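Below is one structure, written out as structure tokens; the observations come after it.
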Amino acid sequence: MATNSALAKSVLRGIQENLQALSFCKKRGGGFYRELGKDTEGYVGLNLATRLPNNRIGISPIVGVSYAPIEDRIQKLCTTSPFLNGATLTTAVGYLTPEKRFLQWVFDPALGDIVSSEIAKIVRSIEQYGLPFMQEHTSLESIITELEATRYTVNDLRRYRLPVAYLLAGKRDEALKLVGQELEAMKGRTDPAATQYRDFARAVREGRVAAP
């Protein structure tokens, strides 16, 4: 019987091998990336749960897209916040399936004979539902649409990415309006997150976000 740690390593290794067959490569932060176009990469992350009963583990795949012109500019302006780097849009793959809910694949060390078939299900869900999602979001316009609706993101990330996206699209007025609204919502806050955003907003207002 496999231990919890050994099972996790085996499952993750199996998923990685299958993702490589879909042209995904493991890169920064442990995520898997696949080139979709000149500026866009598809992203797969594997959330691992190891505290399930009976030494079981759970894997919940996350899929998304990384739009380099947005991410590169944010990294230059906010080097102290790693959480800002990576995928521009993300979602758990389960929400893209017909079930439209969070899905976690559970692996039991007592059932080693079904590990391969469960890995295949995970990879198939990424291929059938994650890849089309990635391919639908390769343009700046499609990314702006989702960020405006706060879909496939959270506002802590949206408040950075959407102004940069607006600037890249030549929509400076919209970018300035959004950072103004966010600054107003943060009025009175002195925490590090608010201080950093004020620095970011200043860079936007002063035109220090480079044009494409």
Helix 192-205 sits off the longest principal axis of the Cα atoms of the chain, rounded to the nearest 10 on a 0 to 90 degree scale, by 50
Nearby lysines by direct alpha-carbon distance to K9 (threshold 26 angstrom, same-chain neighbours under 8 apart not counted): K26, K27, K121
How do M134, M186 rank when sorted from fewest to most other Cβ atoms within 10 Å of their own Cβ? M186, M134
Quick note, segment 41-196: a/c under 1.5 would make it rounded; otherwise a/b > b/c is prolate and the rest oblate (a ≥ b ≥ c, C-alpha gyration tensor); here it is prolate
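How big is the dipole moment of the chain about its Cα centre under a simple scheme where the beta carbon of each Lys and Arg is +1, that of each Asp and Glu is -1, and everything else is neutral? Debye, nearest 20, please. Please list the in-between numbers first.
Numbers: 28 positive and 23 negative charges, 96 e Å.
Computed charge dipole of the chain: roughly 460 debye.
How do C78, C25 rank when sorted from fewest to most other Cβ atoms within 10 Å of their own Cβ? Please list the in-between numbers first.
Working: C78 18, C25 13.
Least crowded to most crowded, the residues run C25, C78.
Give the calculated FRET efficiency between Q128 and D156 to the nearest 0.05, with a Förster radius of 45 Å applied to their Cβ-Cβ distance. Walk me through the intermediate numbers first.
Working: r = 30 Å, r/R0 = 0.67.
According to the calculation, E is roughly 0.90.
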Can you sort V106, V209 so the residue with the fewest Cβ neighbours within 10 Å comes first? V106, V209
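May I ask you to derive the FRET efficiency for L22 and A68 from their Cβ-Cβ distance with R0 = 25 Å, giving the value to the nearest 0.05?
Working: r = 20 Å, r/R0 = 0.81.
That gives a FRET efficiency of 0.75.
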Under a plain spin-label model, where a point goes 7 Å from the Cα along Cα-to-Cβ, how far apart in nm are R172 and I114? 6.0
Roughly speaking, what is the centre-to-centre gap between segment 1-63 and segment 111-169 when only Cα atoms are used, to the nearest Å? 15
Under 8 Å for C-alpha pairs, at least 6 residues apart: give me the relative contact order for segment 1-120, rounded to a whole percent. 25
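Defining a contact as two alpha carbons under 8 Å apart and six or more residues distant in sequence, what relative contact order in percent does segment 140-205 show? Can you show the working numbers first?
Values: 39 pairs, mean separation 18.0, N = 66.
With pairs under 8 Å counted, the relative contact order is 27 percent.
Counting other Cβ atoms within 10 Å, which GluC sites (Glu not before Pro) in segment 116-168 have at most 16 and lie in a DSSP loop? Can you show the working numbers first?
Values: sites: E118, E127, E136, E141, E146, E148; in loops: E136.
Qualifying residues, ordered by number: E136.
Starting from 0.36 nm per residue, how many nanometres of slack lie between A49 and Q104 once their C-alpha separation is accounted for? Working shown, then result.
Details: separation 55, 0.36 × 55 = 19.80 nm, distance 0.92 nm.
Computed gain between A49 and Q104 is 18.9 nm.
Quick one: compute the contact order of the chain, relative version, from alpha carbon pairs under 8 angstrom and 6+ residues apart, as a percent.
Relative contact order here is 19 percent.
Using DSSP to define loop residues, name the GluC sites (Glu not before Pro) in segment 170-212 whose beta-carbon has at most 14 other beta-carbon atoms within 10 Å. Before the final figure, lay out the partial values.
Working: sites: E174, E182, E184, E206; in loops: E206.
Of the GluC sites (Glu not before Pro), the ones in loops of segment 170-212 whose Cβ has at most 14 other Cβ atoms within 10 Å are E206.
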Under 24 Å from the Cα of K171, which lysines turn up, not counting those fewer than eight places away in the same chain? K38, K76
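Taking trypsin sites (Lys or Arg not before Pro) as candidate sites, keep only those in a DSSP loop with at most 14 other Cβ atoms within 10 Å, then name the longest stretch of the chain containing none of them.
102-150
Every number in this text was worked out from the coordinates using simple rules, so none of it is lab data. No experiment lies behind these values; they were computed from the predicted model shown. When we count neighbours, we look across all protein chains shown, and the Cβ atoms used for this are built from the backbone with ideal geometry, even at glycine.
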